[in-house]
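Notes follow the structure.
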Amino acid sequence: MPQQSGQRKPPAIVIVSHDNAAFLVDEFGRYARDYDIRPATSMSAATDITSEIEATGGQVAMLVADSSLFPSDVVQDEQHNVLAAFHTWRQVVPTAKRLVVAPWERFLEDANRLRAGLAKGKYDAYLLMPRGVRDEEFHTAICELLSDWGSTVAQPEIETVRLVAPEQDALTLGIRDFLDRMGMPHRLYSPDTEIGAGIVGRHEGETRWPLVESPYHDVWAPESVREVAGAIYGRPDGIDLDTVMDLCIVGAGPAGLAAAVYGASEGLSTVVVEAEAVGGQAGTSSMIRNYLGFPRGISGMRLAQRARNQAIRFGTRFFTGWEVGGISAEGEGTSRHHVVRTDGGDVRARAVVIASGVAYRKLRAPGIEDLTGRGVYYGSAMTAAREMEGYDVVVVGGGNSAGQAAIHLARFAKSVTIMVRRHGLGETMSQYLVNEIEWNPRVTVASRCEVSAAGGDGRLEWVDVKDCDTDEVVRRNAEGLFLLLGAEPKCDWIPSGVARDPRGFVLTGRDVPKAQWADGLPPESLATSLPGVFAVGDVRAGSMKRVAAASGEGSSVVPLVHAWLGSA
């Protein structure tokens, strides 16, 4: 529902330690302006504090627990240690970040005892207590955790974009989800609030919902998410039509972003055209924990925005919200180049990298299409996740994206059920996610079943679930249905001269049929059958469908582009 403006209590950081509470409260003093620092010397006292905060409408941003919650001379038993405490506190404040801190003298010993809990997602980080002033390594970790909490849980304090609508329909949710994925703070207001009414008054012309106010455009009523993206990030026809770029990258998922960073950093004039939000499917992931170099994990949105900023620093230009409709060739000899066509304008480039990724398959079941955006969502739908508080939610899919979505939704929903046609999750999901799901009391797995229908009065209220072995159908309550149903390549726009496999994925290297090899030689490993056109990431046949693998392909394609440009 639209949010009302008004003063909110500062979120709390609850610090729990018998021996070190005073020291930790002093160390967290630098956050006292923006957070309510609440100390507790026992598990029961912390439980009372968190319960009181929740009961009075406040929020707990972080729980910081000493690795030993008891006096140093008391031996802990397994039923009353810090992991058991987190289990209790999670029932009260499931959205809070959970942190274990240990003094130097117990750091290594307690790490061995608590490491298994970290692997299962029982808490978010294990840190050494500061041993001196200005321990910025410690506080960098604290700020990262608070930043993640702020971007996925809290309402933004500063709004770059404001939306006005009497209710949230599919378009409003789509715009909000796009802004979330782009890391752009925003808020939805009702027309009868003071801020909402002011925005309505500044709008000229016929009023349609939602209205959008941003620094980039006068108040207007967009008809699509793409229109918002174009207004904020520009159109391809902003490029001088006489300019031929070295490299045009179609798609800004991990593979496209890596190609942009490495291409631009090595001197190629580079343009990226993205149909949706920067980050692709990976950008919807609430937390990626197995990406190299991020021990505490990183959200897909933050990873994507950091990569985008890195690419921009080297000179890459991004155009977001324009779907590519085709590629054609122009010119002869050394002036020959490709024309990448979009509804917003054309981009001319000597080399093209296809990194358009994949889309979630549609669920062809009665009621699904009518309720899409009204309780039914494709992908993680970060914005919708915050609005699932107290609801029963179903996630359909068995890949890593489904697992990450389920864990994130469990921070808000009353219950989350993962439904898969297989016998379990182990065949398709990373083990670290399987471990987290097994431990999380709000998440259950329903195997060998599928959603056969959905319905409700204006929004989702129930789903029909069919047993894959017996064909028995059972109706169950569900206010949220998140569909992450495998991958279909986004290839309809690709020229027929680019070879594809029977499923539609782009063939590269030796996988290209021999009839399309040049002079009896296969294309380079990431080159397609069309000279000067390359493919990387999930759209490529045989790719691993993991963020790190896509990033590796994106960086590896740049030397091949250089070689092509040098020979053309």
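The values are calculated or read from the model by the stated rules, or taken from the named source; none is laboratory data. Remember, predicted model here, so these are calculated numbers, not experimental data. Reconstructed Cβ throughout: ideal geometry from the backbone, glycine too, with neighbour counts over all protein chains shown.
Data table
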| quantity | calculated |
| --- | --- |
| Selection count, segment 443-500, where residues are assigned to a loop (DSSP other than H, G, I, E, B) and closer than 30 Å to SER529 by Cβ | 12 |
| Conditions (1) surrounded by fewer than 18 Cβ atoms within 10 Å (Cβ to Cβ); (2) assigned to a strand (DSSP E or B): number failed by VAL347 | (1) |
| Boolean, ILE354 is hydrophobic (A, V, I, L, M, F, W, C), surrounded by fewer than 24 Cβ atoms within 10 Å (Cβ to Cβ) and more than 17 Å from VAL547 (Cβ to Cβ) | no |
| Residue that is nearest to ALA275 (Cα to Cα), among those in segment 309-341 that are crowded, with 22+ Cβ neighbours inside 10 Å and among the polar types (S, T, N, Q) | THR320 |
| Filter pass, ARG38 being part of a strand (DSSP E or B), among the charged types (D, E, K, R) and modelled with pLDDT of 90 or more | yes |
| Enumeration of residues in segment 525-536 that are part of a loop (DSSP other than H, G, I, E, B) and touching a Pro at 6+ places or on another chain (Cβ under 9 Å) | SER529, LEU530, PRO531 |
| Selected residue (criterion: nearest to HIS186 (Cα to Cα)) from residues of segment 224-262 that are hydroxyl-bearing (Ser, Thr, Tyr) and part of a helix (DSSP H, G or I) | TYR233 |
| Every residue from segment 351-399 that is over 20 Å from ILE288 (Cα atoms) and assigned to a strand (DSSP E or B) | ALA351, VAL352, VAL353, ILE354, THR372, VAL376, TYR377, ASP392, VAL393, VAL394 |
| Among the residues listed as VAL250, VAL225, VAL200, VAL219, the single one being touching a Pro at 6+ places or on another chain (Cβ under 6 Å) and within 25 Å of ASP177 (Cβ to Cβ) | VAL200 |
| Residues of segment 145-164 satisfying the condition of being within 17 Å of THR95 (Cβ to Cβ), in contact with a Pro (Cβ under 7 Å, 6 or more places away or on another chain) and touching a residue at least 40 places away in the same chain (Cβ under 8 Å) | ALA154 |
| Residue within segment 298-308 that is more than 17 Å from the chain's Cα centre (by Cα), outside any helix (DSSP H, G or I) and surrounded by 20 or more Cβ atoms within 10 Å (Cβ to Cβ) present | no |
| Cβ-Cβ under 7 Å pairs, at least 6 apart or on other chains, segment 353-377 side in the same structural domain as VAL451 (by TED's automatic domain parsing) and under 21 Å from THR172 (Cα atoms), far side aliphatic (A, V, I, L, M) and in a helix (DSSP H, G or I) | THR372/ALA170; GLY373/ALA170; GLY373/LEU173; ARG374/ALA170; VAL376/ILE368; TYR377/ALA384 |
| Identity of the residue in segment 267-294, without any contact (Cβ under 8 Å) to a residue 40 or more places away in the chain and either surrounded by 24 or more Cβ atoms within 10 Å (Cβ to Cβ) or over 17 Å from the mean Cα position of the chain (by Cα) (or both), that ends up nearest to MET429 (Cα to Cα) | GLY293 |
| Filter result for LEU114 (assigned by TED's automatic domain parsing to the domain that holds LEU69, among the hydrophobic types (A, V, I, L, M, F, W, C) and not in a strand (DSSP E or B)) | yes |
| From the options ALA311, ALA282, ALA307, residue that is under 30 Å from ASP492 (Cβ atoms), of a type outside the set (Phe, Trp, Tyr) and outside the structural domain of PRO559 (by TED's automatic domain parsing) | ALA282 |
| Filter result for the condition that a residue is modelled with pLDDT of 90 or more and over 21 Å from GLN404 (Cβ atoms), over ARG162, ARG134 | ARG162 |
| Filter result for ARG411 (touching a residue at least 24 places away in the same chain (Cβ under 8 Å) and surrounded by fewer than 22 Cβ atoms within 10 Å (Cβ to Cβ)) | no |
| Residues of segment 198-207 classified as under 18 Å from LEU188 (Cβ atoms) and modelled with pLDDT under 90, total | 1 |
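To keep it simple, each residue is scored yes or no on (1) within 26 Å of the chain's Cα centre (by Cα); (2) not in a loop (DSSP other than H, G, I, E, B).
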| site | (1), (2) |
| --- | --- |
| LEU179 | yes, yes |
| ARG187 | yes, yes |
| PRO191 | no, no |
| ILE195 | no, yes |
| ARG208 | no, no |
| PRO222 | yes, no |
